[in-house]
Amino acid sequence: MSEAQPFVRFDKVQKSYDGEILVVKNLNLDIPAGEFVTMLGPSGSGKTTCLMMLAGFEPATHGEIFLGDQPINNVPPHKRGIGMVFQNYALFPHMSVGENLAFPLEVRGMDKSERETKVKRALDMVELGAFGNRMPAQLSGGQQQRVAVARALVFEPELILMDEPLGALDKQLREQMQYEIKHIHESLGVTVVYVTHDQSEALTMSDRIAVFNDGVIQQLSSPSDLYERPDNSFVAQFIGENNRFDGTILSVRNGKCKVKLDSGETVDASAVNVGGKGTRTTLSLRPERIEINPKSKAGRSIISGKIEEAIYLGDHIRTRMSAGGSSEFIVKVPNTSGHTPLEEGKTVKIGWLTGDCRALDPIA
Amino acid sequence: MTDTSIQPSDLLETDDGVSLKAKLARATRRNKLRALGLVAPLGIFLIIGFLWPIGAMLLRSVHAPDFGEIMYRTAALMEDWDGEGIPDEAIFTAVVADLTQAKEDKTIGRAATRFNFSFPGTRSVFTRTGRKINTLTEGPYTEGLIEINDAWGNHEFWLNFQRLVKPFTTRFYLNSVDYQVGENNEIVRQPEERQIYVRLFIRTLIMSAIITGFCILLGYPVSYLLATLPLRYSNLLMILVLLPFWTSLLVRTTSWITLLQKEGVLNDIVVGLGLVSDENRLQMMFNATGTTIAMVHILLPFMILPLFSVMKTIPPSYMRAARSMGANQFTAFRRVYIPQTLPGVGAGSILVFILSIGFYITPALVGGQSGQLISNIIAYHMQRSLNWGLAAALATILLLGVLFLYWLYNKIVGVDNMKFG
């Protein structure tokens, strides 16, 4: 499939359930074939609604969804040929694992021997080859999850939708399944649209992540861009840990800006999402990008901060400071040999490279 | 390993050397007594008000000592009678003595009734003989009795007599399935015109099955709506389902009479519309049709509620999963939804079926001739004919039938799979 023709395409899609509130506002999203795209967002942000519209369980109120080059708004779900993994797996409790997997093949009129071959292959893929005769209730949560994945793949759809498929698993199993799903995606080359509210899951698995909030995609980019180059304050705050402090723009020049913090100090930041001189902005700064008592001043902004609390976490020391008008200013100090001693109540210099501090849209 | 950790459990002791089991029993005794005290009032009430009377009632189906007690002198001698011809003078003497005393005790009527149940048309033998018993002052009593009523010279009459004086009997059960004990103590069918109970049992089963079937057909879609509609509408629907449930059974049954009888609302409408001529008004009441309609309506909630509670637990994602895998709406419903509701269908069906097997009020009011069920005949024998033994036998058969169905259901579906709510 060429770049010009994305495999899945949302074109100006809007959705309202009650005719009063738009749950999805003007969604435009292109997904090339073979990509792993995650829709990430807090609950109520519209991500699951988008998935349901793509699967065909909810009609779009406005706009068109394309699969390949076909508009699918009027195609019923069972003719879309999209595999789906549900939050609670939705394994049919009255059928054995094998029967569950055979179901999509059976309704397609496939004959028995072919069915058995495909079911066997799909079960082997998720390493459950010997479990065909078990009932779903006899499996552990992780095994049920694998069966659900196998069932969504067994009829060889080109697109798989996953709706928070790992939500019910414990942390360790969840991490293991993340890799397994990622490997299955890589080896089969199917397109995956994945919905989750867990950012680490999204960062681990995805090629691209669409961050949803309030029915709008806030940012669509690769995991590293999302973390390191958030477009707005919501994304900066939602993905990873973030220090934010408010200020007023003094000047903007060459993609950089001078900001007068509410605490009175003046710092430099890269101007990402700001208005002109005199407008308010929220600065975003990752805790691990901050140095205490920086040796060099070149290209750095430096302010002073008072150490309020230092928590020893092994590989790093998490330090809460009062700085830049915030008492929740977090600095992660790597536990290297000979790092600056952190005494509570002491005032130190803290600094960061201008490029690491991003001036974004003001929050409140 | 220390030596305390490998003691066999029966030797385990607490610190002060008392066995652990005894100590545990002592510790929990107080709680056990308190729990027992809490359920005791209900338990005692159930035993006195429910189990004991029912047990005593069921016992009557095999135990009928009345006749033997009234005619006790005869009964003692009857055991030795060889069953040939008519008994000898000694027995006739005993009969006269028994009847004389029965007349004083005013128990002749009771004896006559008992005898009449198993040998119809013989009531007058006892009452008439009783009236004239004082004329027999001296023997031989054989001729005297036969003179008063020639039944006393009847061989068959005496065979019956011999059977009736025994306190334990199977005749009520035989009677319940349209058999009786024949002339030579062999088991024979009742004469054609008295074979009613088997037919009634079969009719009861068939009608219950039909009613259960209609309840499934009508209840399934309603339950589905209840389980899937938005809360606002499903609450309203639930009230509509429960409203008749809270209304008196009698009121509901009699309103069906108003609606369906020959001069009723429905007939007036179809006649008014010219669909049916005035002379051919539909007969929908006081027959099996009327019983079926009214009972389906009354028992419908018993189908809907267990179905609803099962459907409520089936998340919509199952149907969605089936659709996403390529099943159309109908296939998804048939292959995925319906199988998961079967425990509810089973629970509802068994509930409706068992209730309708024993249903009394509605068939009694609207059943007419063809809509009577077995419970109505049991009530008849309890209240009118006072043949409690037969009523008890019929009821016991009904009870065993229900238990058998329950057992069958458990074998096939499993009671654990049944969900009432």
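Things to note:
- Note on the stretch B:173-191 and the stretch B:343-399: Cα centroid distance 23 Å, given to the nearest whole angstrom.
- Evaluated with a Cβ-only charge set (Lys, Arg +1; Asp, Glu -1), the protein assembly as shown carries a dipole of roughly 1880 debye about its Cα centre, given to the nearest 20.
- Restricting the calculation to Cα atoms, the stretch B:304-345 yields a radius of gyration followed by a Dmax of 10.5, 32 Å.
- Interface residues, the stretch B:323-352 - accessible area loss of 10 Å² or more versus chain alone, probe 1.4 Å: B:Arg323, B:Ser324, B:Met325, B:Gly326, B:Ala327, B:Asn328, B:Thr331, B:Arg335, B:Val336, B:Pro339, B:Gln340
- Volume in Å³ per residue [convex hull over Cα atoms, computed for the stretch A:224-268]: 84 Å³
- Shape of the stretch A:162-279, Cα gyration tensor, a/c cut at 1.5: prolate
- Heavy-atom accessible surface of the stretch A:241-360, averaged per residue, reaches 50 Å², computed with a 1.4 Å probe.
- The GluC sites (Glu not before Pro) of the stretch A:154-255 that meet both conditions, a loop assignment by DSSP and at most 13 other Cβ atoms within 10 Å of the site Cβ, are A:Glu241.
- Three-way shape call for chain B based on the alpha-carbon gyration tensor, with the a/c threshold at 1.5: oblate
- Look at where the Cα atoms of the stretch A:1-68 and of the stretch A:269-289 average out, and the two centres are 31 Å apart.
- Result for chain B in a Gaussian network model with C-alpha springs under 10 Å: among B:Arg203, B:Arg131, B:Arg30, the largest mean-square fluctuation is at B:Arg30.
- Only helices enter this figure: runs of n ≥ 4 DSSP H residues, each worth -39500 (n - 2.57), summed and divided by the residues of the protein assembly as shown, yield -14500 deg cm²/dmol at 222 nm to the nearest 500.
- A Förster radius of 25 Å, combined with the Cβ-Cβ distance separating A:Glu309 from A:Asp214, puts the computed FRET efficiency at roughly 0.15.
- Rounded to 5, percent antiparallel among DSSP beta bridges of chain A: 75 percent
- Surface accessible to a 1.4 Å probe, A:Asp214 within the full protein complex, Å²: 90 Å²
- The smallest convex shape that holds all Cα atoms of chain A, its convex hull, gives 177 Å³ per residue.
- With N as its number of residues, the stretch A:263-364 has a Cα radius of gyration that, divided by 2.2 N^0.38 Å, comes to 1.10.
- Set A:Lys256/A:Lys332; A:Lys277/A:Lys346; A:Lys12/A:Lys277; A:Lys25/A:Lys171; A:Lys258/A:Lys332 screened for pairs whose C-alpha atoms are more than 27 Å apart: A:Lys277/A:Lys346; A:Lys12/A:Lys277; A:Lys25/A:Lys171
- Max mean-square fluctuation residue, GNM over chain A, Cα-Cα springs under 10 Å, options A:Ala202, A:Ala310, A:Ala210: A:Ala310
- Low-density loop cleavage sites - GluC sites (Glu not before Pro) in the stretch A:1-99, where at most 12 other Cβ are within 10 Å (DSSP): A:Glu3, A:Glu20
- Among the GluC sites (Glu not before Pro) in the stretch A:297-364, those placed in a DSSP loop whose Cβ has at most 16 other Cβ atoms within 10 Å are A:Glu343, A:Glu344.
- Volume per residue of the C-alpha convex hull in the stretch A:124-165, rounded to whole Å³: 75 Å³
- Accessible surface of the stretch A:110-153, 1.4 Å probe: 49 percent of it comes from carbon and sulfur atoms.
- Under 12 Å from A:Lys349, Cα to Cα: aspartates and glutamates that are on another chain or at least 8 residues apart: A:Glu291
- Under-23-angstrom lysine pairs by C-alpha in chain B, whenever the two are 8 or more apart or on separate chains: 8
- Alpha-carbon gyration tensor eigenvalues x 5, square-rooted, for the protein assembly as shown, Å: 86, 35, 25
- FRET E, pair B:Trp407, B:Ala209, Förster distance 22 Å, beta-carbon r, rounded to 0.05: 0.80
- Buried on complex formation within the stretch A:69-84 (loss of at least 10 square angstrom of accessible surface versus the isolated chain, 1.4 Å probe, ligands and nucleic acids ignored): A:Pro77, A:His78, A:Ile82, A:Met84.
- To put it simply, the accessible area of the stretch B:67-166 at a 1.4 Å probe is 48 percent carbon and sulfur.
- Sites excluded, chymotrypsin sites (Phe, Trp or Tyr not before Pro) in DSSP loops with at most 16 other C-beta within 10 Å, longest stretch of chain B: B:1-359
- Cα pair distances exceeding 23 angstrom across the stretch A:216-316, given as percent: 34 percent
- Helix B:388-412 vs. chain B, principal-axis angle (Cα, 0 to 90°, nearest 10): 30 degrees
- The stretch B:48-63 and the stretch B:92-148: distance between their alpha carbon centers, rounded to Å: 31 Å
- The stretch A:8-233 - accessible surface per residue (Å², probe 1.4 Å): 42 Å²
- For the chain pair B and A, buried accessible area totals roughly 1700 Å², probe 1.4 Å, rounded to the nearest 100.
- Simple spin-label estimate for B:Glu138 and A:Ala130 gives 10.4 nm between the two label positions (7 Å along the Cα-to-Cβ direction from each Cα).
- A straight chain from A:Lys112 to A:Lys256 at 0.36 nm per residue would run longer than the Cα-Cα distance by 45.2 nm.
- Label separation (B:Thr170 vs A:Glu180): 6.5 nm, computed from points 7 Å beyond Cα along the C-beta direction.
- Modelled this way, with points 7 Å down the Cα-to-C-beta line, the labels at A:Ser327 and B:Asp15 are 5.0 nm from one another.
The values are calculated or read from the model by the stated rules, or taken from the named source; none is laboratory data. Remember, predicted model here, so these are calculated numbers, not experimental data. Please note: Cβ atoms are built from the backbone with ideal geometry, for glycine as well, and neighbour counts cover all protein chains shown. The accessibility values were calculated without ligands, DNA or RNA, using every heavy atom of the protein model including side chains. Shrake-Rupley method; radii C 1.70, N 1.55, O 1.52, S 1.80 Å.
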